[in-house]
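Bear in mind these aren't lab numbers, they're just calculated from the coordinates by the rules spelled out. Model, not experiment: these values are computed from the prediction. Here Cβ is always computed from backbone atoms with ideal geometry, including for glycine, and neighbour counts include all displayed protein chains.
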Amino acid sequence: MNRRQSPLRGVLDRYRRALLASSADDLADLYAPDAVHEVPFPFPGLPERCDGREEVRAAYRAAWGASPARPERVIEVAVYETTDPEVIVVEQIVTGTLATTGDPFRVPGLLVMRVRDGAIVHVRDYMDGLAAVRAAGWNSAL
């Protein structure tokens with residue numbers, strides 16, 4: 001049986017492509033102009049909250065530009081489409097390589113994403129902060 005992809009999964013797939021390309025523009029373009037992106041467990045390099053598409057763009061451009069982490073793969077642990085038709089919950093692990101050392105990294109996380117009319121309106125991005133700091137090569141921040 002050929003199942004049609006849900007609109008939420010389509011946005012999630014584009015989100016992951018932007019992440020793997022480290023493209024702040026492609027990522028931000030998925031967001032509504034007044035969207036909110038939260039990182040409840042903050043770490044150096046990203047603000048705890050971005051208000052609006054342009055703050056998302058600026059925050060990720062700065063974070064990805066400063067980090068030697070080169071994401072290569074997103075391992076999908078689980079995806080939950082909830083009873084709320086706008087919300088998808090995603091368990092995933094981002095893996096890749098540090099450009100400075102060639103060492104591999106692995107950052108587990110959980111995304112809670114709300115999508116309305118094809119645009120992200122709210123994200124809570126729960127990343128393993130310690131793993132993200134190590135992946136960014138910022139061990140001195142520990």
Item checked: Top positive-direction residue, dipole computed over the chain with Cβ charges, set Thr83, Gly102, Ala32 -> Gly102
Check: What percent does the relative contact order of the chain come to when contacts are Cα pairs within less than 8 Å and at least six residues apart?
Finding: 24 percent
Check: If you build the Cα gyration tensor of the chain and take the root of 5 times each eigenvalue, what three semi-axes come out, in whole angstrom, biggest first?
Finding: 25, 17, 13
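Roughly how big is segment 7-137's charge dipole about its Cα centre, with Cβ charges of +1 (Lys, Arg) and -1 (Asp, Glu), in debye to the nearest 20?
360 debye
Calculate the dipole size of segment 73-124 relative to its Cα centre from +1 charges on Lys and Arg beta carbons and -1 charges on Asp and Glu beta carbons; express the result in debye to the nearest 20. Don't skip to the end; give the middle numbers.
Values: 5 positive and 7 negative charges, 35 e Å.
The dipole of segment 73-124 has a size of about 160 debye.
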